[in-house]
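A short worksheet on the structure shown next.
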Amino acid sequence: CGGGATTIDVWRRAPAGSVVQGLDLSPALIEVARRRPGADHREVAFEVADMGTARRRGAPFDRLVSRLGIMFFGDPPAAFANLRRWLAPGGRFAFAVWGPLEDNLWMTATRAAVADALDVPPIDPSAPGPFRYGNAGPLVSLLEGAGFVDVTVTDWRQALPMGDRPGAAAAAHFALAAFSSFEERLAQAGGDACVRARASLTARFAEHEQDGTVRMPARVHIIGGLAGPGGGSHHD
């Protein structure tokens, strides 16, 4: 659930009386979520949990939502089978994952800028990472193998704002900080590596700045479907 924004939004859109639970493996992000406006309602709860292995307590849920999180499971077949146990038979799920790298200019620009300062290894689609399911086919097969049915893939294509501060330089700082591996490797490289990468990315982002906001083309797969029969009893 990250910092809880999606969880609160789901709760506000859900039918009256719905209970919404946000889970994330980061204690720091859960603390952020608990301080978010709306998190103090009794129908909303946040807990630290690794959804790849966490065991459900109580009855299963009617809906399961993940925004850009399921790409990082160490053991995808086991993790998706576990998620299936969290969802009532016939319950709906919606998982968002990044589309192909080449359709996400915000990342190709960031990688190219970092490559101006140090070697950037190619992305391994078989390893945990943000673009693991750029090709959604393997993900659909995994979900069907875990007991989900009527699985569909819908593409979302829009321009994403880079950070919440104005200007290309602030957007470049945000993008590099958002990917700790880049920031750490630039720091380890020493010298002017970080300065060079940030300057390169600022120049690339400046081409997409309008009215102080940098917006970069992005593509996301939204995977939806239902939980198949079995796995627990339904509750409202």
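The values are calculated or read from the model by the stated rules, or taken from the named source; none is laboratory data. This is a predicted model, so every value here is computed, not measured. Backbone-built Cβ (ideal geometry, glycine too); neighbour counts: all protein chains shown. Note: areas computed on protein heavy atoms with side chains; ligands, DNA, RNA excluded. Shrake-Rupley method; radii C 1.70, N 1.55, O 1.52, S 1.80 Å.
Looking across region 46-66, the residues that are closer than 14 Å to Phe95 by Cα and modelled with pLDDT of 95 or more come down to Arg63, Leu64, Val65, Ser66.
Does Asp103 meet the test of being open to solvent by 70 Å² or more (accessible area, probe 1.4 Å) and over 16 Å from the mean Cα position of the chain (by Cα)? When the stated conditions are applied, Asp103 does not pass them.
Within region 185-206, take every residue that is among the polar types (S, T, N, Q) and open to solvent by less than 40 Å² (accessible area, probe 1.4 Å) and give me the one that is farthest from Arg111 (Cα to Cα). Walk me through it before giving the result.
First pass over region 185-206, keeping only residues among the polar types (S, T, N, Q): 188, 200, 202.
Filter again for open to solvent by less than 40 Å² (accessible area, probe 1.4 Å), leaving 200, 202.
Numbers: Ser200: 10, Thr202: 13 Å.
Among those that are among the polar types (S, T, N, Q) and open to solvent by less than 40 Å² (accessible area, probe 1.4 Å), it is Thr202.
Quick grid of which residues meet (1) touching a Gly at 6+ places or on another chain (Cβ under 8 Å); (2) modelled with pLDDT of 95 or more:
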{"site": "Gly69", "(1), (2)": "yes, no"}
{"site": "Phe93", "(1), (2)": "yes, yes"}
{"site": "Met107", "(1), (2)": "no, no"}
{"site": "Arg111", "(1), (2)": "no, no"}
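Return yes when Ala177 is over 17 Å from Phe73 (Cα atoms) and without any contact (Cβ under 8 Å) to a residue 12 or more places away in the chain and no when it is not. Spell out the reasoning first.
Values: over 17 Å from Phe73 (Cα atoms): yes; without any contact (Cβ under 8 Å) to a residue 12 or more places away in the chain: yes.
Spelling it out, Ala177 is indeed over 17 Å from Phe73 (Cα atoms) and without any contact (Cβ under 8 Å) to a residue 12 or more places away in the chain.
Which of the following residues is free of Cβ contacts under 8 Å to residues at least 24 places away in the same chain, hydroxyl-bearing (Ser, Thr, Tyr), in a loop (DSSP other than H, G, I, E, B) and open to solvent by 60 Å² or more (accessible area, probe 1.4 Å): Ser126, Ser141?
On the way: Ser141 fails: in a loop (DSSP other than H, G, I, E, B).
Sole residue among the options that is free of Cβ contacts under 8 Å to residues at least 24 places away in the same chain, hydroxyl-bearing (Ser, Thr, Tyr), in a loop (DSSP other than H, G, I, E, B) and open to solvent by 60 Å² or more (accessible area, probe 1.4 Å): Ser126.
The residues listed here are Thr152, Thr110; of these, the one that is on the phi < 0 side of the Ramachandran plot, among the polar types (S, T, N, Q), touching a residue at least 40 places away in the same chain (Cβ under 8 Å) and touching a strand residue (DSSP E or B) at 6+ places or on another chain (Cβ under 6 Å) is Thr152.
If you go through region 144-154, how many residues are open to solvent by 40 Å² or more (accessible area, probe 1.4 Å) and either among the small types (Gly, Ala, Ser) or part of a strand (DSSP E or B) (or both)? It would help to see each step written out before you state the result.
Applying the first criterion (open to solvent by 40 Å² or more (accessible area, probe 1.4 Å)) to region 144-154 yields 144-145, 149-150, 152-154.
Cutting the leftovers down to either among the small types (Gly, Ala, Ser) or part of a strand (DSSP E or B) (or both) gives us 145, 149-150, 152-154.
Of the residues in region 144-154, 6 are open to solvent by 40 Å² or more (accessible area, probe 1.4 Å) and either among the small types (Gly, Ala, Ser) or part of a strand (DSSP E or B) (or both).
Pull up region 155-184, narrow it to residues that are open to solvent by 80 Å² or more (accessible area, probe 1.4 Å) and not aromatic (Phe, Trp, Tyr), then point me to the one that is farthest from the chain's Cα centre (by Cα). Among those residues, the one meeting the criterion is Pro166. Based on what the data block shows, is Trp86 in contact (Cβ under 8 Å) with a residue 24 or more places away in the chain and open to solvent by less than 20 Å² (accessible area, probe 1.4 Å)? Yes; evaluated as a whole, the condition is true for this residue.
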